[in-house]
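Contents: one structure, followed by commentary.
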Amino acid sequence: MNVFFFGCRGSTPVSGDEYRRYGTATSCIGIGTVAAAGYADAAARKAAPRLVLDAGTGFINLERVLGGEPFRGSVCITHLHWDHTHGLPFLREACLQGHRVDIYVPGQGSLGDAETVMNRAFSPPHFPVPIGTLGESWSVSGIEPGTRELEGLSIRAEEIPHKGGRTFGYRVSDGTSSLAYLPDHEPCALGAGPEGLGEYHPAALALATGVDLLVHDAQHTAAELHALGFMSHSAAEYVVGLGVAAGAKAVALFHHDPHRTDAQIDEIVAQLGDPGVQVIAAREGMVISLPLVGDARADASAVVPARIGRAVPPP
Ligand SMILES: [Zn+2]
Ligand SMILES: [Zn+2]
């Protein structure tokens with residue numbers, strides 16, 4: 001499978017030259033199942049993802065791989081915070097004739113059905129158009145933990161701790177490779193854990209065990225966690241620890257703090273050293289093909305355009 005990183009920022013989009021390399025858009029990744037090599041050409045368009053995880057402002061970047069074709073696929077949202085949903089109404093290809101947009105969100109229990117709860121944010125006076133009326137083939141469904149088949153992929157959902165609404169992490173498999181996606185996660189909510197950075201709890205381990213790539217909340221560093229832990233995120237050092245404990249082949253630091261510059265993200269990766277699992281920082285525009293065949297950093301840089309939408313010649 002190919003993992004497209006459309007938005008890697010946490011909390012809010014940013015702008016400025018100091019964020020150019022890791023990107024400005026909020027959480028959104030896509031899973032494609034056909035080999036892609038430089039995704040502005042026709043073959044790459046066929047590889048455009050049909051399964052999307054989260055729809056922050058990075059969701060708009062799908063237009064770069066759809067080549068003017070309507071989006072037809074499923075969007076699994078981890079939770080309803082703004083930075084994971086605000087791109088939904090702005091992908092033009094999701095409203096073209098022939099579109100299909102099936103949105104799955106954690107079931108909202110006593111708060112009401114999923115579409116009603118989403119429309120608290122996507123209806124006047126907050127937003128002009130209710131989410132289910134953006135196109136004739138849009139649907140919103142609440143889901144519970146468990147495994148289901150979507151777009152030819154197996155996707156498992158498990159509830160994980162994160163403040164302010166029910167939150168899922170996801171594990172996606174195509175039968176030969178797998179990915180875990182936990183963009184917002186507060187493991188300290190379940191205890192300090194062995195290093196004081198949070199528990200390696202059963203849901204996180206179940207999602208991450210043996211995956212080719214663990215994409216995980218790394219909004220903070222261990223040194224920041226005491227002061228910023230109230231924001232309900234993880235430290236980069238926890239991500240490495242979870243990756244090692246779960247036997248992941250590589251980890252991608254994700255959901256970067258909106259104030260974190262490119263240079264500071266580089267510094268965090270450098271300071272992690274050689275922790276026993278491959279570590280990369282997720283970068284907007286990056287595509288990683290799984291299963292990994294070598295060094296994750298090399299694999300990523302070999303197929304990744306500098307910015308989404310810019311064709312790169314095959315290596
Ligand atoms: Zn978030
Ligand atoms: Zn959140």
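The values are calculated or read from the model by the stated rules, or taken from the named source; none is laboratory data. Values in this document were obtained by computation on a predicted structure and should not be read as measured data. Reconstructed Cβ throughout: ideal geometry from the backbone, glycine too, with neighbour counts over all protein chains shown.
Out of (1) assigned to a loop (DSSP other than H, G, I, E, B); (2) within 16 Å of ligand 1 (Cβ to nearest atom), what's the single condition that is false for TYR181? Every listed condition holds for TYR181 apart from (1).
Across the stretch 55-92, the number of residues qualifying as within 15 Å of ligand 1 (Cβ to nearest atom), assigned to a helix (DSSP H, G or I) and of a type in the set (Val, Ile, Thr) comes to 1.
Note on the stretch 81-130: residues that are under 24 Å from PRO70 (Cα atoms), within 16 Å of ligand 2 (Cβ to nearest atom) and of a type in the set (Val, Ile, Thr) amount to 2. The one condition from (1) within 16 Å of ligand 1 (Cβ to nearest atom); (2) surrounded by 14 or more Cβ atoms within 10 Å (Cβ to Cβ); (3) not charged (D, E, K, R) that GLY164 does not meet is (2). The strands (runs of 3 or more DSSP E) found entirely in the stretch 207-294 that carry 1 or more residues being among the small types (Gly, Ala, Ser), modelled with pLDDT under 95 and more than 16 Å from GLY23 (Cβ to Cβ) are 287-289.
If we scan the stretch 61-71, do we find a residue that is among the charged types (D, E, K, R), under 29 Å from MET286 (Cβ atoms), surrounded by 17 or more Cβ atoms within 10 Å (Cβ to Cβ) and in contact with a His (Cβ under 9 Å, 6 or more places away or on another chain)? The answer is no; no qualifying residue exists. Identify all residues within the stretch 167-178 that are away from ligand 1 (no atom under 16 Å from the Cβ) and either buried (at least 21 other Cβ atoms within 10 Å of the Cβ) or in a strand (DSSP E or B) (or both); write none if there are none. Answer for the stretch 167-178, where residues must be away from ligand 1 (no atom under 16 Å from the Cβ) and either buried (at least 21 other Cβ atoms within 10 Å of the Cβ) or in a strand (DSSP E or B) (or both): ARG171, VAL172, SER173, SER178. Filtering SER11, SER27 for residues that are out of contact with any strand residue (DSSP E or B) (no Cβ under 7 Å at 6 or more places or on another chain), within 16 Å of HIS216 (Cα to Cα) and modelled with pLDDT of 90 or more leaves a single hit, SER11.
A quick yes/no check of all residues on (1) more than 16 Å from ligand 1 (Cβ to nearest atom); (2) touching a residue at least 12 places away in the same chain (Cβ under 8 Å):
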{"residue": "PRO125", "(1), (2)": "yes, no"}
{"residue": "THR147", "(1), (2)": "yes, no"}
{"residue": "ALA157", "(1), (2)": "yes, yes"}
{"residue": "ILE160", "(1), (2)": "no, yes"}
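Among the residues of the stretch 136-151, are any modelled with pLDDT of 95 or more, among the aromatic types (Phe, Trp, Tyr) and under 19 Å from the mean Cα position of the chain (by Cα)? No - not one qualifying residue is present in the stretch 136-151.
Quick check, is GLY132 modelled with pLDDT of 95 or more, more than 16 Å from ligand 1 (Cβ to nearest atom), in contact with a helix residue (DSSP H, G or I) (Cβ under 7 Å, 6 or more places away or on another chain) and among the small types (Gly, Ala, Ser)?
On the way: modelled with pLDDT of 95 or more: no; more than 16 Å from ligand 1 (Cβ to nearest atom): yes; in contact with a helix residue (DSSP H, G or I) (Cβ under 7 Å, 6 or more places away or on another chain): yes; among the small types (Gly, Ala, Ser): yes.
It is false that GLY132 is modelled with pLDDT of 95 or more, more than 16 Å from ligand 1 (Cβ to nearest atom), in contact with a helix residue (DSSP H, G or I) (Cβ under 7 Å, 6 or more places away or on another chain) and among the small types (Gly, Ala, Ser).
Rundown of residues vs (1) in contact (Cβ under 8 Å) with a residue 24 or more places away in the chain; (2) surrounded by fewer than 24 Cβ atoms within 10 Å (Cβ to Cβ); (3) over 20 Å from ILE31 (Cβ atoms), yes/no style:
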| residue | (1), (2), (3) |
| --- | --- |
| HIS185 | yes, no, no |
| GLY191 | no, yes, yes |
| ALA203 | yes, yes, yes |
| LEU213 | yes, no, no |
| GLN219 | yes, no, yes |
| TYR238 | yes, no, yes |
